[in-house]
Amino acid sequence: MTPDLGFDHRYLPGDDESPPTLLLLHGTGGNEEDLIPLGQELLPGAAILSPRGKVSEYGAPRFFRRLAEGVFDHEDLLFRTHELAAFVEAAADEYGFDPSKIVAVGYSNGANVAASTILLHPGLLSAAVLFRAMVPFEPEVTPDLGGMPVFLAAGRMDRMIPPDNTQSLADLLTEAGAEVDLRWRNVGHPLTYEEVSEAKQWLAGILPELAT
Ligand code: MLT
């Protein structure tokens, strides 16, 4: 039986003794099953921790409330981000995975809550792959991200995530000391196979950094 750690979730152990753990964060209307094939494609053999967002928007699971498309409920976002961070820590204890090798993989709303987690809990995540992300909030204090590798994939024709907003997120993370790799494509909101393939190569390249 899956232990109750505050979120409905899936956990799949990795192949090796101490593999990285991919924290999979789905988009609006997704669930804990959705991104498992993506995670397995991105980093075969990694452990997988995949929670379902606890906010329901007319039945569609999300990781935090929004007031309108792209307009976030700031108070709920902060509360849900702390709640998610506490879940990740509890899951590391429960399942015994290495808390120093957690890589967030988020799409859309999941990428936004991952960005919020990076800003509010620097050090919790070792790296992040953010597909279709935007600035979750403007931090009052810029965190020190100490060279954290972050991959961003954005679509120039995305109608949900304004391209200049993704650029602002990349600038914010860079200013905070992250090693940002922002890739643009002439695509819309849905994720493309080429971007998955680019993210896979990028992850393979940062693996040695995770091992240290
Ligand atoms: C959000 O609400 O996080 C963004 O607008 C993206 C999405 O709709 O999931």
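With the structure loaded, tell me whether residue 59 is within 16 Å of the ligand (Cβ to nearest atom) and open to solvent by 40 Å² or more (accessible area, probe 1.4 Å) or whether it fails that test. Step through it out loud before you land on a result.
Numbers: within 16 Å of the ligand (Cβ to nearest atom): yes; open to solvent by 40 Å² or more (accessible area, probe 1.4 Å): yes.
Considered against the rule, which asks whether it is within 16 Å of the ligand (Cβ to nearest atom) and open to solvent by 40 Å² or more (accessible area, probe 1.4 Å), residue 59 comes out as yes.
Residue 192 - would you say it is within 13 Å of residue 132 (Cα to Cα), open to solvent by less than 20 Å² (accessible area, probe 1.4 Å) and of a type in the set (S, T, N, Q)?
Details: within 13 Å of residue 132 (Cα to Cα): yes; open to solvent by less than 20 Å² (accessible area, probe 1.4 Å): no; of a type in the set (S, T, N, Q): yes.
No; evaluated as a whole, the condition is false for this residue.
Among all residue pairs at least 6 apart or on different chains, which show Cβ distances below 8 Å where the first residue, located in the stretch 152-181, is over 20 Å from residue 196 (Cβ atoms) and in a strand (DSSP E or B) and the second is more than 15 Å from the ligand (Cβ to nearest atom) and of a type in the set (Val, Ile, Thr)?
From the stretch 152-181, the pairs are 179/150.
Which of (1) of a type in the set (Phe, Trp, Tyr); (2) in contact (Cβ under 8 Å) with a residue 12 or more places away in the chain; (3) within 16 Å of the ligand (Cβ to nearest atom) is the odd one out, the single condition residue 11 does not satisfy?
Every condition holds for residue 11 apart from (3).
Does residue 159 meet the test of being closer than 17 Å to residue 105 by Cβ and among the basic types (Lys, Arg)?
Numbers: closer than 17 Å to residue 105 by Cβ: no; among the basic types (Lys, Arg): yes.
No, not satisfied.
I need the full set of residues from the stretch 170-189 which are under 12 Å from residue 151 (Cβ atoms) and open to solvent by less than 60 Å² (accessible area, probe 1.4 Å), in order please.
We begin by selecting, within the stretch 170-189, every residue under 12 Å from residue 151 (Cβ atoms); these are 170, 173, 178-183.
If the condition is that a residue be under 12 Å from residue 151 (Cβ atoms) and open to solvent by less than 60 Å² (accessible area, probe 1.4 Å), then 170, 173, 178, 180, 181, 182 are the ones that fit.
Pull up the stretch 63-78, narrow it to residues that are more than 8 Å from the ligand (Cβ to nearest atom) and touching a residue at least 24 places away in the same chain (Cβ under 8 Å), then point me to the one that is most open to solvent (accessible area, probe 1.4 Å).
To start, the set of residues in the stretch 63-78 that are more than 8 Å from the ligand (Cβ to nearest atom) comprises 65, 67-68, 71, 73-78.
Going one step further and asking which of them are touching a residue at least 24 places away in the same chain (Cβ under 8 Å), we end up with 74, 77-78.
Working: 74: 95, 77: 0, 78: 50 Å².
The extreme case among them is 74.
Looking only at the stretch 33-62, which residues are more than 23 Å from residue 193 (Cα to Cα) and free of Cβ contacts under 8 Å to residues at least 40 places away in the same chain?
Residues satisfying the conditions are 55, 56, 57, 58, 59, 60, 61.
The values are calculated or read from the model by the stated rules, or taken from the named source; none is laboratory data. What you are looking at is a predicted structure, and each value in this text was computed from that prediction instead of being measured. Note that each Cβ is placed from the backbone with ideal geometry, even for glycine, and that neighbours are counted across all protein chains shown. When the accessible area is computed, the model is the full protein with side chains, heavy atoms only, and any ligands, DNA or RNA have been set aside. Shrake-Rupley method; radii C 1.70, N 1.55, O 1.52, S 1.80 Å.
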